[in-house]
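The values are calculated or read from the model by the stated rules, or taken from the named source; none is laboratory data. All of these numbers come straight from a predicted model, not from anything done at the bench. Because the Cβ atoms are built from the backbone with ideal geometry, glycine has one as well, and the counts that use them run over all protein chains shown.
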Amino acid sequence: MPPVDYCHRHNLVDPETAGLERRYGIRVRLPPGDTLRRLLGDDWERLHWYPTELERDKAFDDMAQRHGYYRKTDTPTQILEKILR
């Protein structure tokens, strides 16, 4: 497999850690009845993988917080789950 060209700063994988095994993950899903399921589908999920449990747990805590870019009336309903492969 040819190496990936990392030319954009917004890429999710840091080129310095791209080759590391990533066993620790976070599964993001939507709860039943969430209106966003109409757009994304009932089986939508997003997986994020990390090389260490510590990095995964830090990212999990960050994702679980109510971020400042939400409007005061927004209520995020994502379901976060720590996973291991």
In region 52-77, what residues are among the β-branched types (Val, Ile, Thr) and surrounded by 10 or more Cβ atoms within 10 Å (Cβ to Cβ)?
Thr52, Thr77
Kindly establish whether Gly33 is without any contact (Cβ under 8 Å) to a residue 12 or more places away in the chain, on the phi > 0 side of the Ramachandran plot and surrounded by 10 or more Cβ atoms within 10 Å (Cβ to Cβ).
no
If you take the residues in region 1-51 that are assigned to a strand (DSSP E or B) and of a type in the set (Ser, Thr, Tyr), which one is modelled with the highest pLDDT?
Tyr24
